[in-house]
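Scroll down for the structure; my scribbles are underneath it.
The values are calculated or read from the model by the stated rules, or taken from the named source; none is laboratory data. Nothing here was measured: the structure is a model prediction, and the numbers come from that model. Glycine gets a Cβ as well: all are built from the backbone with ideal geometry, and neighbour counts include every protein chain shown.
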Amino acid sequence: MNEIEIGRGKRGRRAYTFDDIAVVPSRRTRDPEDVSISWQIDAYHFELPVIAAPMDSVVSPETAIMMGRLGGLGVLDLEGLWTRYEDPGPALAEIAELPEERTTSRMRELYAAPVRPELITERLRQVREAGVTVAGALSPQRTQQLWKVVVEAGVDLFVIRGTTVSAEHVSSTAEPLNLKRFIYELDVPVIVGGAGTYTAALHLMRTGAAGVLVGFGGGSAHRTRTTLGIHTPAATAVADVAAARRDYLDESGGRYVHVIADGGTSTSGDIVKAVACGADAIMLGAALARASEAPGQGYHWGSEAHHPELPRGRRVDVGTVAGLEQILGGPAVDAEGTTNLMGGLRRAMATTGYTDLKEFQRVEVVVAPYGTH
């Protein structure tokens, strides 16, 4: 399994990020116009394999609607500022203007306001009335408390997202969420994660989840590797979870669980390599926080940045490069891979001779020793 000796008492498997690998052309090429990048999860079909991450810097009700109209899916953070404040505009503007040394403490204060169930209902209603697929996310800790509000508000896809989500959480102080029972009793498809290993993902698949988010501490706003010493390099993690999907498909007699790469995908090349490793879709944070319509106003952060006890993330300056439509569909403004993300995916698939995402998951990949260039 490509293990190396760390010391006499410890061995470790070598793992790879997307920067460490490259996709190899085959004998056939195709016209990019003949390539399909659409995908479907449960009853919901999307023209683009892109899910906007449930982060306040990325998704507002307005950008969720825009994502839906552009062919993707926007997931609203139902524990974010949009469900704590009637008008989160002043809080968002303040976060964008905070000096670096004040960011963590002030964000803790802003996010200390209680989540208001009536605002969950209102925000999801706003998205639903626009006629696009409605998705909202809760942490595992809040799911038992708020799931009825979310379902009654008319959510189409329910996302349970944390730094890591386990099918076997053990607690001596509180009854943990029973994922298998919860998903079984829910009439709404559930996407759950993150997971970073074959075993963890396989157990999540056995709960009945429709999709598994793959990633642990690899996003640009994360500092999990620094604070906890935990990290699952994205290319290896996606490939491992794709193997779990294959084995679960056999085990379950044909039930397909979608693998969604979450973290480590800031450019079109990263997206290409995520699909090549086995992802069905990509959850994007920083890549979409760069949009002129993004509520973060050029900054990006996740819930880890304002944790009351141990922050595992921070606010990062990602800048603004273009509108959301141009970031997704082009034309690209430069050769950095931050705009026309879907054009990059289409062209890579065409260059290597593949016509749809599931075919492209079989493309040859090599370890690339030259790093990011």
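Here are some notes:
- Of the strands (runs of 3 or more DSSP E) contained entirely in the stretch 6-74, those carrying at least 1 residues that are within 20 Å of the chain's Cα centre (by Cα) fall at 39-41, 44-46, 50-52.
- Members of the stretch 233-267 found to be assigned to a helix (DSSP H, G or I) and under 15 Å from the mean Cα position of the chain (by Cα), listed by number: A234, A235, A237, V238, V241
- Entry remark, the stretch 8-27: residues being closer than 14 Å to T265 by Cβ and modelled with pLDDT under 90 number 0 in total.
- With respect to being in contact with a Lys or Arg (Cβ under 9 Å, 6 or more places away or on another chain), over 15 Å from V192 (Cα atoms) and of a type in the set (S, T, Y), T236 fits the description.
- Residue match in the stretch 316-338 (condition: in contact (Cβ under 8 Å) with a residue 24 or more places away in the chain, touching a His at 6+ places or on another chain (Cβ under 7 Å) and within 24 Å of P90 (Cβ to Cβ)): yes
- Just one of the listed residues (P49, P99, P32, P54) is under 25 Å from G329 (Cα atoms), surrounded by fewer than 16 Cβ atoms within 10 Å (Cβ to Cβ) and either at pLDDT below 95 or not hydrophobic (A, V, I, L, M, F, W, C) (or both), namely P32.
- Checked against the criterion of being at positive phi and in contact with a Pro (Cβ under 7 Å, 6 or more places away or on another chain), the candidates D42, D56, D77 yield just one match: D42.
- Checking H307, H300 one by one, the residue that is touching a Lys or Arg at 6+ places or on another chain (Cβ under 9 Å), at pLDDT below 95 and farther than 19 Å from T63 by Cβ is H307 and no other.
- A search for C-beta distances below 6 Å between a residue of the stretch 95-111 that is closer than 16 Å to G313 by Cα and any residue that is surrounded by 15 or more Cβ atoms within 10 Å (Cβ to Cβ) and among the hydroxyl-bearing types (S, T, Y), counting only pairs 6+ apart in sequence or on different chains, returns A96/Y299.
- Boolean, A130 is closer than 21 Å to G72 by Cα, at pLDDT 95 or above and surrounded by fewer than 18 Cβ atoms within 10 Å (Cβ to Cβ): yes
- Scanning the stretch 141-166 for residues that are at pLDDT below 85, crowded, with 20+ Cβ neighbours inside 10 Å and within 17 Å of G208 (Cβ to Cβ) yields a single hit, V165.
- Output for the stretch 313-363, where each listed residue is closer than 23 Å to P25 by Cα, charged (D, E, K, R) and out of contact with any helix residue (DSSP H, G or I) (no Cβ under 6 Å at 6 or more places or on another chain): E336, D356, K358, E359, R362
- Number of the condition not met by D19 [criteria: (1) of a type in the set (D, E, K, R); (2) surrounded by fewer than 17 Cβ atoms within 10 Å (Cβ to Cβ); (3) closer than 16 Å to C277 by Cβ]: (2)
Residues checked against (1) of a type in the set (A, V, I, L, M, F, W, C); (2) under 20 Å from V155 (Cβ atoms):
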| site | (1), (2) |
| --- | --- |
| M66 | yes, yes |
| G74 | no, yes |
| Y85 | no, no |
| P90 | no, no |
| T103 | no, no |
| L110 | yes, no |
| P117 | no, yes |
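- Only one of the numbered conditions (1) surrounded by 23 or more Cβ atoms within 10 Å (Cβ to Cβ); (2) more than 18 Å from P32 (Cα to Cα); (3) touching a Phe, Trp or Tyr at 6+ places or on another chain (Cβ under 8 Å) is violated by R315, and that is (1).
- So T226, is it more than 13 Å from the chain's Cα centre (by Cα), crowded, with 19+ Cβ neighbours inside 10 Å and either at pLDDT below 95 or assigned to a loop (DSSP other than H, G, I, E, B) (or both): no
Quick grid of which residues meet (1) more than 30 Å from A276 (Cα to Cα); (2) surrounded by 24 or more Cβ atoms within 10 Å (Cβ to Cβ); (3) at pLDDT below 95:
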{"site": "W39", "(1), (2), (3)": "no, no, no"}
{"site": "V58", "(1), (2), (3)": "no, yes, no"}
{"site": "A64", "(1), (2), (3)": "no, yes, no"}
{"site": "V75", "(1), (2), (3)": "no, yes, no"}
{"site": "L78", "(1), (2), (3)": "yes, yes, no"}
{"site": "W82", "(1), (2), (3)": "yes, yes, no"}
{"site": "A91", "(1), (2), (3)": "yes, no, no"}
{"site": "E94", "(1), (2), (3)": "yes, no, no"}
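- Single condition V155 does not satisfy, out of (1) outside any loop (DSSP other than H, G, I, E, B); (2) within 22 Å of L186 (Cα to Cα): (1)
- Wholly within the stretch 272-372, helices (runs of 4 or more DSSP H) carrying at least 1 residues that are of a type in the set (S, T, Y): 341-352
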